[in-house]
Amino acid sequence: MHERLRMVEKQIAGRGIRDPALLDAMRLVPREAFVEKGFEMFAYNDCPLPIGKGQTISQPYMVALMIEAAEVKPDDTVLEIGAGLGYATAILSRMAGHVFAVERHASLAAGATERLQRLGYDNIDLRCGDGSKGWPKAAPFGAILVSAAAPEVPQALKEQLAIGGRLVIPVGREEHRQTLLKILRKGPDDFTTQTLGAVIFVPLISERGGTEDYS
């Protein structure tokens, strides 16, 4: 618990994250429960960690930056793409009304489901599937967060935003040249885009196994 509080103070609040609900959620959610076995001692380090299947749990600050950018509200229905083992999912569940999460790898989806249920996060629906397609039956969403890089913004995700909804997603066709974008839906066909900076994420994989043709 001490290490978790120190992480929030130094790595999160200390680097400019101000959302009180987000800071409270990060103080409550045990990151060590969402890492691969053997990496628990590194859970509060300022770095991403492997979780299997070539995937990672994002650096704590990056998780916080994306969630704050998404402006998650207590009555929001949120979609998370790339749930991994469920760390950001758990944080979002403490801030939003309901979270729908999609994970491409079946073993990670199963691991996330087990952890979230065991720890009592009960306002979450999580499934294994192609995140580039979103979750149409649960739309519209007040916020959508994508923890994997697409070559371009998937049209399906834009269409599943509520009016006023926010989409935060890394975009880039090259592994080390990605940009984090925030997209606001202002009307049925009216979107604005804000650039949040350079990032590095694993690629978003479609059901065909590739990283193209998301639009």
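The values are calculated or read from the model by the stated rules, or taken from the named source; none is laboratory data. In this text the structure is predicted, and so the values were computed from the model without any measurement. Please note: Cβ atoms are built from the backbone with ideal geometry, for glycine as well, and neighbour counts cover all protein chains shown. Accessible surface is based on the protein model in full, side chains and every heavy atom, while ligands, DNA and RNA are left aside. Shrake-Rupley method; radii C 1.70, N 1.55, O 1.52, S 1.80 Å.
Return the inverse of the average 1/r over all pairs of distinct C-alpha atoms in the stretch 6-89, which is the Kirkwood hydrodynamic radius, in Å to one decimal.
One over the average 1/r among Cα pairs gives 13.3 Å for the stretch 6-89.
With the alpha-carbon atoms as the only input, what is the per residue convex hull volume for the chain in Å³? Mind showing how you got there, number by number?
On the way: hull volume 23.5 nm³, N = 215.
Spelled out: Cα convex hull of the chain, divided by residues, is 109 Å³.
Of all the C-alpha pairs in the stretch 126-170, what % are more than 12 Å from each other?
Pairs farther apart than 12 Å: 58 percent.
Using only the Cα atoms of the stretch 128-208, each taken as one equal point scatterer with no solvent, compute I(q) by the Debye sum, divide by I(0), and report log10 of the ratio at q = 0.11 Å⁻¹.
Computed log10 I(q)/I(0) values: -0.26.
Place a +1 charge on the Cβ of each Lys and Arg in the stretch 92-215 and a -1 charge on the Cβ of each Asp and Glu, then give the dipole magnitude about the Cα centre in debye, rounded to the nearest 20.
Here the stretch 92-215 has a charge dipole of around 340 debye.
Which links in 73/158; 53/73; 73/186 stretch past 22 Å when you go from one Cα to the other?
Details: 73/158 19 Å; 53/73 32 Å; 73/186 17 Å.
Beyond 22 Å between Cα atoms: 53/73.
Within straight cross-link reach of residue 37, meaning Cα distance under 13 Å, which aspartates and glutamates are found once same-chain residues fewer than 8 apart are removed?
Filter leaves no residues.
For the stretch 43-128, what size does the Cα cloud have along each of its three principal axes, sorted from largest down, in whole Å?
The principal-axis extents, from largest down, are 33, 26, 21 Å.
To the nearest 20 debye, what is the magnitude of the charge dipole of the stretch 1-90 about its Cα centre, counting +1 on the Cβ of each Lys and Arg and -1 on the Cβ of each Asp and Glu? Each step should come with its number before you reach the end.
On the way: 10 positive and 13 negative charges, 52 e Å.
Dipole magnitude for the stretch 1-90 comes out near 240 debye.
Select from 140, 129, 74 the residue farthest towards the positive end of the dipole of the chain; place +1 on Cβ of Lys and Arg, -1 on Cβ of Asp and Glu, and compute about the Cα centre.
It is 74.
With a 1.4 Å probe and every protein chain kept in, tell me what percent of the accessible surface of the chain is carbon plus sulfur. Don't jump to the answer; show the numbers that get you there.
Numbers: 5020 of 9970 Å².
It is 50 percent, rounded to a whole number.
In Å², and per residue, what accessible area does the chain have when probed at 1.4 Å with the other protein chains present? Each step should come with its number before you reach the end.
Working: 9970 Å² over 215 residues.
Per residue, the chain has 46 Å² of solvent-accessible surface.
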